[in-house]
Amino acid sequence: MKRQAVWAIGLLVGAVAVAALMIFLRPEPAQEEQVAQVPLVETIALEQAAGPIQVLGSGTVGSREEVSIGAEVGGKLTFVSASFREGSVVGRGSTLFRIDTTDYQNNVRTARADVAAQNVAVLQAQQEVSIAQAELARFAERQDAGSALASVIDADDYASRFLPPPSVENAAVRNSARRAPTSAPSNLATREPQLRSAKAARDRANANLASAQTSLARTRVTAPFTGIVRSETAAVGTLVQPGQVLGTIVSTASYEVRVSLTEAEAALIPGVLKPNNSRIPARVFSDFGGLRYGWDAYVDRANNILDPQTRTIDVFLRVPNPLRGGRIVDGEEPGGAAPPLLLGSFVSAEITGASLASYAAIPAEHLRTGNRIWVVRGGKLRILPVRVIQRTDDLAYITTPTLAEGGRLVTSSLRAAVDGMDVRVNRVAPAPGAGSGSNSGDGDE
């Protein structure tokens, strides 16, 4: 037993000695400086711009002038133009369709014959007036001469009544020159009413002729302006009635786009609610074949009545020459002709607004709660309150008093963001939408 205890104690002592030797011979650990946990954030450039701001909106292309084409007279269609088909373009003054003219030509001939007959009747009435005036003048002279003789001849001297002496006859002639007729002739005796009646009948015949000629001219229906046929129902042989609509034409001189803006957005456009807004410049954009095209436009008018349901103001943009191809936006012109602006297409619009001294366009998703943004300046996080000038689904136009100081906009999230905290910057893509002449500040990493 004593021997086994000695061996156990020896082994224990040896183990302790080996452990002590290993502890004594171990290397010293390297000393490292403790690194502070500074959060890493992703940023984009915050660019400042100045000048007119573009008020953004959208709408549908509609017609500014559209007319219904119909027949003003009845009859059977004898001709329909090949251009008078849905979707075709018709020129101003081109014939769209014709109505059978047989009955209307006969009416014109009848009216012309009536006019000729009435012209003869007027000539006859004029001659009768001249004859009646001459007869009345001779009758008045004879009546005056008889009155003068009767005043100087004795009523019981029958012989002197037939053979008056020369002195008496000369006296009667002198008295007749001074004496007025005892009574005016009858109106009918002068034939003046008959002449006026003949002239009225001639005027009526001329009016009937003009009406017959107008009806004949209306058998040919022409396009009132150059436009696109929206719809048509005309076919040769169709019997039409006066007033029957046979199609509609949309003018291609200009189109119209209705853009609904909030009161805040409309306030950014100087003079938009004035009757004469001096053609505020604008542009409309439409996608076609995977490419984006733009057309010049201007503000034609604005509705001064607020929409009671949407609480928006309707601004009407006029697009001149919409069939002229648009200009491609941010790209190279493809081969072939550029497309026209399609009626009924959905477009986006930019209206030139007020000129601002300083603003920035940032992605709308990076606008923080309470209209604030996070900006890195000098390696520190700055939480800035901003005024939102305009906001769309993609962009937010903002301004703040310290925008000119630049910096980088934080696009990532932080668990606990505190103004003035240290951050590290990981730069990514630049911010969209800012104009030239920007002042971008580089945050210190």
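Here are the numbers for this structure:
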quantity: Residues that are part of a strand (DSSP E or B) and either farther than 17 Å from V257 by Cα or not basic (K, R) (or both), drawn from segment 297-318; calculated: A297, Y298, V299, D300, A302, I313, D314, V315, F316, L317
quantity: Within segment 253-287, considering residues that are charged (D, E, K, R) and under 18 Å from R64 (Cα atoms), the one most open to solvent (accessible area, probe 1.4 Å); calculated: R279
quantity: Failed item in (1) in a loop (DSSP other than H, G, I, E, B); (2) under 30 Å from R311 (Cβ atoms); (3) among the small types (G, A, S), with G294 passing the rest; calculated: (1)
quantity: Residue in segment 213-238 that is nearest to the chain's Cα centre (by Cα), counting only those that are of a type outside the set (V, I, T) and part of a strand (DSSP E or B); calculated: G227
quantity: Residues (farther than 14 Å from T352 by Cβ and either touching a Gly at 6+ places or on another chain (Cβ under 6 Å) or open to solvent by less than 30 Å² (accessible area, probe 1.4 Å) (or both)) located in segment 292-301; calculated: Y293, W295
quantity: Tally, over segment 367-417, of residues that are under 20 Å from A354 (Cβ atoms), in contact (Cβ under 8 Å) with a residue 24 or more places away in the chain and exposed (fewer than 14 other Cβ atoms within 10 Å of the Cβ); calculated: 1
quantity: Hits in segment 81-98 (condition: closer than 13 Å to T222 by Cβ, in contact (Cβ under 8 Å) with a residue 60 or more places away in the chain and touching a strand residue (DSSP E or B) at 6+ places or on another chain (Cβ under 7 Å)); calculated: S83, F84, V90, G93, S94, T95, L96, F97, R98
quantity: Hey, S58 without any contact (Cβ under 8 Å) to a residue 60 or more places away in the chain and either surrounded by fewer than 15 Cβ atoms within 10 Å (Cβ to Cβ) or under 30 Å from V259 (Cβ atoms) (or both) or not; calculated: no
quantity: Odd one out for P340, checked against (1) at pLDDT 90 or above; (2) in a strand (DSSP E or B); calculated: (2)
quantity: Strands (runs of 3 or more DSSP E) contained in segment 32-145 and holding at least 2 residues over 30 Å from D314 (Cβ atoms); calculated: 40-45, 75-80, 95-99
quantity: Qualifying residue in segment 239-252 (condition: under 30 Å from L56 (Cβ atoms), open to solvent by less than 50 Å² (accessible area, probe 1.4 Å) and assigned to a loop (DSSP other than H, G, I, E, B)); calculated: yes
quantity: Residues within segment 189-235 that are more than 26 Å from V67 (Cα to Cα) and polar (S, T, N, Q), tallied; calculated: 5
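For every residue, the table says whether it meets (1) modelled with pLDDT of 95 or more; (2) closer than 30 Å to V272 by Cα; (3) of a type in the set (D, E).
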residue	(1), (2), (3)
E42	no, no, yes
G57	no, yes, no
Q118	no, no, no
Q124	no, no, no
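The values are calculated or read from the model by the stated rules, or taken from the named source; none is laboratory data. Quick caveat: nothing in here was measured; it's all calculated off a predicted structure. Virtual Cβ from ideal backbone geometry, glycine too; neighbours counted across all protein chains shown. Side chains included, ligands, DNA and RNA excluded: accessible areas come from the protein's heavy atoms. Shrake-Rupley method; radii C 1.70, N 1.55, O 1.52, S 1.80 Å.
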